[in-house]
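Below: one structure, written as structure tokens.
The values are calculated or read from the model by the stated rules, or taken from the named source; none is laboratory data. Because the structure is predicted, anything quoted here is derived from the model rather than measured. With ideal geometry, Cβ positions are generated from the backbone for all residues, glycine too; neighbour counts draw on all protein chains shown. Side chains included, ligands, DNA and RNA excluded: accessible areas come from the protein's heavy atoms. Shrake-Rupley method; radii C 1.70, N 1.55, O 1.52, S 1.80 Å.
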Amino acid sequence: MIEPGKSDQESVAPLLAVGSAIQNLVATRLGRGFVPMAIMLGFGVVQFASEGWTRSSVELVAGSMLAALAMLGYGLRVARLAFGHAERLWMDFAMSASIIPPVFSLYLLVWRGLRGFVSGEGLSGVATAIFFTIIGGWAMRAWMRVVEVERLAGVMSMGSPTEIPR
């Protein structure tokens, strides 16, 4: 409902400003989050080319692509809701898939990274463990920043209408 003395245009302007700000933040955070996923995709492709069809290469290629796609869906959901659009069915799938990026990040950090220090595979094993630990931590941090934007969007749009008036 529009307050007395205000037009439709005046009530939509703050919602659009908040939506634009959230959209820019989401795009920035996703862009930074795609970098570790692209590195893992490249590493998986190189591993696939050198070793063939192994479980490790499939996990890296599939995991990085699924995590990036889940991050994109989650970010798109946050931006659309910030603009006041109604919930859609695909947004429920995006929320369900939002478990993939942190799980993949933990896989990189703990299983491929920290476990590599314990397995004792020599100097190359330690270098690989350091690489995966850094990339896994980077991916987790990037994911947490995307989640922070959703929290920020909720605070910034508090009191705004849930849908854009037509």
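For a Förster distance of 35 Å, can you work out the FRET efficiency between the beta-carbons of L123 and S20, rounded to the nearest 0.05? Mind dumping the intermediate values first?
Numbers: r = 50 Å, r/R0 = 1.43.
So, using R0 = 35 Å, E works out to roughly 0.10.
With the helix formula -39500 (n - 2.57) applied to DSSP H stretches of n ≥ 4, the chain reaches a computed 222 nm mean residue ellipticity of -27000 deg cm²/dmol.
Ignoring ligands, DNA and RNA, what percent of the accessible area of the range 29-166 is carbon or sulfur (1.4 Å)?
Numbers: 5450 of 7790 Å².
Result for the range 29-166: 70 percent of the exposed heavy-atom area is carbon or sulfur.
Reported to the nearest whole Å, the Cα centre-to-centre distance from the range 129-152 to the range 26-50 is 13.
Along the charge dipole of the chain, pointing to its positive end and built from +1/-1 on Cβ of Lys, Arg, Asp and Glu, which listed residue (S157, M37, G113) has its Cα farthest out? In the chain, that residue is G113.
So what is Rg over Rh here for the range 24-166, counting just Cα atoms and using Kirkwood for Rh? The partial results should precede the final answer.
Numbers: Rg = 17.7 Å, Rh = 16.3 Å.
Using Cα coordinates only, the ratio equals 1.09.
Hey, got a sec? Which chymotrypsin sites (Phe, Trp or Tyr not before Pro) in the range 32-109 land in a DSSP loop and have at most 14 other Cβ atoms within 10 Å? Sparse-neighbourhood loop chymotrypsin sites (Phe, Trp or Tyr not before Pro): W53. A DSSP coil position with no more than 11 other Cβ atoms inside 10 Å describes the following GluC sites (Glu not before Pro) in the range 58-166: E163.
Provide the per residue accessible area, probe 1.4 Å, for the range 1-157, rounded to a whole number of square angstrom.
Numbers: 8830 Å² over 157 residues.
With the other protein chains kept in place, the range 1-157 gives 56 Å² per residue.
Sorting 16-25, 60-69 by average packing, meaning the other beta carbons within 10 Å per residue, from highest down gives 60-69, 16-25.
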